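Structure first, then comments.
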Amino acid sequence: MGFFDFLIEEIAIDLGTANTLIIHNDKVVVDSPSIVARDRTSGKITAVGKEAAMMQGKTHENIKTIRPLKDGVIADFDASEKMLTMFIKEIPALKKKLFTPALRMVICIPSGITEVEMRAVKESAERVNGKEVYLIHEPMAAAIGIGVDIMQPKGNMIVDIGGGTTEIAVIALGGIVCDKSVKIAGDVFTNDIVYYMRTQHNLYVGERTAEKIKIQIGAATEDLEVPPDEMSVQGRDLLTGKPKQVNISYREIAKALDKSILRIEDAVMETLSQTPPELAADIYNTGIYLAGGGSMLRGLDKRLSQKTDLPVYIAEDPLRAVVRGTGITLKNLSRYKGILIK
């Protein structure tokens, strides 16, 4: 290796269902939605990321928007590989290079992932010129990104609510002691809202609009201290077929999301009930850490706290906690070698 070391570029990737983030030289250089747009006739990928996200739900039959990842795993191998290639090409420092450099990468994967799905991620990485590819479990990366010292013989509980999966793990001594991965997360919340608008308001809204509702007035509980204002939502009236607008409040969204949040609560409770007593004692003192975009849902921390009787903390930049942790392991490869999957 030695001599060629300077030719190798290091990148950390959080290949998420909703967003893909890449860190290069300690900076987040890519932070884009995990969506690609494909031209049906030529089969070529015409847009990725934010550009493709704007097209979502607005395409004609010649363009198709694809989300290559589903439930945290690669569903469309070809599209995900093209998406990664295009994201890596967007990295400013690598643009200047004459030829694509060899890459050393750490990529995070959901903890409930199978061998086959793991290999798909690895192969994708190798095909975009990854010479050394390491994988790390998402809750681990989240813990490091939040700033927990995972090597200590202390128990910490991480709940990472992403787009496709919610990862719950108890971590100690640089390993996952007990974990649960449930497929209830941001995407399901969005679909809950679509369904609610259809059934309660006879209003058909698209996924992007539902996502907007979730971000603007989404809530996990009906008693918020600082409630957001009402929001006007436009869509298609299912009875008349005409476009129409309705005003909705956060209380309605809290109702719409209630069942899904209950399932996340149950998964947290189940993980707690499987935790060894010594670690449970630690968690009583340290509480639960929330990461991922879903943790930004208003009142979710309070609701989990009431359910578990534990303090609940939200990571300071929840959307980037995982990629930041992945970046830290990349910088200190020798220290974290033990927790990475080769």
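The values are calculated or read from the model by the stated rules, or taken from the named source; none is laboratory data. Just so it is clear, the structure is predicted and the values come from calculations on it, not from any experiment. Cβ: placed from backbone, ideal geometry, glycine included. Neighbour counts: every protein chain shown. Only protein heavy atoms, including side chains, enter the accessible area calculation; ligands, DNA and RNA are left aside. Shrake-Rupley method; radii C 1.70, N 1.55, O 1.52, S 1.80 Å.
Structure above, values below:
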{"read-out": "Test result for Asp229, of a type in the set (D, E, K, R), open to solvent by less than 90 Å² (accessible area, probe 1.4 Å) and either free of Cβ contacts under 8 Å to residues at least 60 places away in the same chain or at negative phi (or both)", "value": "no"}
{"read-out": "Which listed residue is modelled with pLDDT of 90 or more and open to solvent by 50 Å² or more (accessible area, probe 1.4 Å), from Asn25, Asn62", "value": "Asn62"}
{"read-out": "Options Gln234, Gln306; residue that is free of Cβ contacts under 8 Å to residues at least 40 places away in the same chain, open to solvent by 10 Å² or more (accessible area, probe 1.4 Å), farther than 22 Å from Val106 by Cβ and in a helix (DSSP H, G or I)", "value": "Gln306"}
{"read-out": "Residue among Ile144, Ile215, Ile176 that is in a helix (DSSP H, G or I), surrounded by fewer than 22 Cβ atoms within 10 Å (Cβ to Cβ) and touching a helix residue (DSSP H, G or I) at 6+ places or on another chain (Cβ under 9 Å)", "value": "Ile215"}
{"read-out": "Counted residues, region 36-59 - those being farther than 17 Å from Ala210 by Cα, open to solvent by less than 40 Å² (accessible area, probe 1.4 Å) and not in a strand (DSSP E or B)", "value": "3"}
{"read-out": "Residue check for Leu135: more than 26 Å from Pro318 (Cα to Cα) and touching a residue at least 40 places away in the same chain (Cβ under 8 Å)", "value": "no"}
{"read-out": "Residue in region 37-52 that is aliphatic (A, V, I, L, M), at negative phi and within 16 Å of the chain's Cα centre (by Cα) present", "value": "no"}
